[in-house]
Amino acid sequence: IYAHQRLGFFSVSLFSPCFSSFTQDKKDDIKVGVKSSALLFGENTKTYLTGVGAFMVGCLTVTGIQAQLALPYYAFAVCGTGVHLMWQLRTVDLENPQSCNRKFVSNQWLGLLVFLGIAFGRVATTADDNEDDCCANGGTVDPRRTSSNA
């Protein structure tokens, strides 16, 4: 399984307990026998979320390495995600539906950070490739070598 596939699984795993904390009534879950992640992890939910978040950041890092993305990817996607997740975990009140909802909705910014990281990382990678081509050819870019066939 590739790192980006693991990333998708763990990002869903990360947000499910917080979402279920405010979308489900835990007492009703117990009453009807639903085995929600909010019940499964109970008082250890933040510890679980911290571990999954760390693994998610690790998968982002491996994905960037595998895709050979440049430094902006790591600044936006990896570091930005890490900071965002730390903020969420430090400030969320899992017993407060409004707090959980605000953190869940804030994940739009997490998606933006990852997108910007990929976009800027790819642009910088392409620029580095073109600079390498230029320097290798005595200051001229070989027209037969473009980023599409690199």
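FYI, it's all coordinate maths here, none of it is from the lab. Owing to the predicted nature of the structure, the values given are computational and were not obtained by experimental measurement. In this analysis, Cβ positions are derived from the backbone assuming ideal geometry, glycine residues included, and neighbour counts consider all displayed protein chains.
Worth pointing out:
- Cross-link partners for LYS27 among the lysines, with Cα-Cα distance under 18 Å and sequence neighbours closer than 8 places in the same chain left out: LYS35.
- Per-peptide packing, taken as the mean over residues of other Cβ atoms within 10 Å, places 36-43, 105-112 in the sequence 36-43, 105-112 from highest down.
- Shape category assigned to region 42-88 from the gyration tensor of Cα positions, a/c cut at 1.5: oblate
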